[in-house]
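Visitor: After the structure tokens below, expect a handful of questions from me.
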Amino acid sequence: MPTAYYQSPVGVTRIIAEDGFITSISIRDEEIVVEPTDDPVLLMAIKQLDEYFAGERKEFELPIKQAGSDFQQSVWQQLSTIPYGKTISYGQQSKLMNNPLGIRAIAAANGKNNLWVVVPCHRVIGSDGSLTGYAGGLWRKKWLLAHEAKVLGVGQTTLGL
């Protein structure tokens, strides 16, 4: 599987492609040598990540495909509808999915998201506004939310649901 590494402002990101789709984008804590790639789909992902971190891109337009159950796919699809610079709580997400009792299952599916930043699970916060659970580390979640707010010229905002 073609793999590339991208140096983001919050660490090295590993990008994996398969059959013309981005299947994984994950942030790494270890030091990795970033080498160039010539894979077109990986180059597209790197370009769009550059644009996101430069504050020039608010939505990704990548061919993505990650393995998961129908339920997980529906959770990830819902995550993709959260606007740039906005946050929702896990409870709000469960209501949007017409599954108010499924908060834990929805949170678990968020945690299985393999498309860091592109499928914006960092935009889901605790019902009290706290930053909760994030595979990339809470400091990165805070950084991403602050970055998006800065680009928009506003403080962190929540969707009024």
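Coordinate-derived values only; no laboratory data. Because the structure is a prediction, the values reported are computed rather than measured. Positions of Cβ are backbone-derived with ideal geometry, glycine not excepted, and every protein chain shown enters the neighbour counts.
Visitor: Would you mind getting me the FRET efficiency between residue 95 and residue 130? Use the beta-carbon distance for r and R0 = 22 Å, nearest 0.05.
Guide: On the way: r = 19 Å, r/R0 = 0.85.
Computed FRET efficiency for residue 95 and residue 130: 0.70.
Visitor: So, with +1 on the Cβ of K and R and -1 on the Cβ of D and E, and no other charges, what is the size of the charge dipole of the stretch 70-158 about its Cα centre, to the nearest 20 debye?
Guide: Using only the charged Cβ atoms, the result is roughly 160 debye.
Visitor: With 10 angstrom as the radius, rank 12, 119 by how many other C-beta atoms surround their C-beta, starting from the fewest. Intermediate results must be reported in sequence, preceding the final value.
Guide: Numbers: 12 17, 119 22.
Listing 12, 119 from fewest to most nearby Cβ atoms yields 12, 119.
Visitor: Roughly how many nanometres apart are two label points built 7 Å out from the Cα toward the Cβ at residue 34 and residue 73?
Guide: A separation of 3.3 nm, rounded to one decimal place.
Visitor: What does the charge dipole of the chain about its Cα centre add up to, to the nearest 20 debye, if the Cβ of each Lys and Arg holds +1 and the Cβ of each Asp and Glu holds -1?
Guide: 760
Visitor: Projected onto the charge dipole of the stretch 70-158 (+1 at Lys/Arg Cβ, -1 at Asp/Glu Cβ, origin at the Cα centre), which of 122, 153, 105 gives the Cα projection farthest towards the positive end?
Guide: Ranked along the dipole, the leading option is 153.
Visitor: A further question follows. If you restrict to DSSP beta bridges whose two residues both lie in the chain, what percentage is antiparallel, to the nearest 5?
Guide: 70
Visitor: Inverting the mean 1/r over all pairs of different Cα atoms, compute the Kirkwood radius of the stretch 3-53 and quote it in Å.
Guide: On the way: mean 1/r = 0.0912 Å⁻¹.
For the stretch 3-53, the Kirkwood estimate is 11.0 Å.
Visitor: Here is a follow-up. What's the exposure ranking of 139, 116, going from fewest to most Cβ atoms within 10 Å?
Guide: Fewest-to-most Cβ neighbours within 10 Å comes out as 139, 116.
Visitor: While we're looking at this one, here's another question. Roughly how many whole Å is it from the C-alpha centroid of the stretch 11-33 to that of the stretch 78-125?
Guide: Between the Cα centres of the stretch 11-33 and the stretch 78-125 lies a distance of 21 Å.
Visitor: Between residue 142 and residue 58, what length in nm is gained on full extension when 0.36 nm per residue of separation is reduced by their alpha carbon distance?
Guide: On the way: separation 84, 0.36 × 84 = 30.24 nm, distance 1.70 nm.
Result: 28.5 nm gained on full extension.
Visitor: Mind giving me the nanometre distance, one decimal, between the label points for residue 154 and residue 14, set 7 Å out from Cα along Cα→Cβ?
Guide: The answer from the label model is 3.6 nm.
Visitor: Taking loop as defined by DSSP and a crowding limit of 12 other beta carbons within 10 Å, which GluC sites (Glu not before Pro) in the stretch 1-67 fit?
Guide: Here the GluC sites (Glu not before Pro) that fit, given the DSSP loop and packing criteria, are 30, 31, 56, 59, 61.
Visitor: Give the Cα extents of the chain along the principal axes, in whole Å, largest first.
Guide: Between the extreme Cα coordinates on each principal axis of the chain lie 45, 36, 27 Å.
Visitor: While we're here: So if the hydrodynamic radius of the stretch 70-158 is defined as the Kirkwood radius over C-alpha pairs, what does Stokes-Einstein give as its diffusion coefficient at 20 °C and 1.002 mPa s, in µm² per second?
Guide: Value of D from the Cα-based Kirkwood radius: 166 µm²/s.
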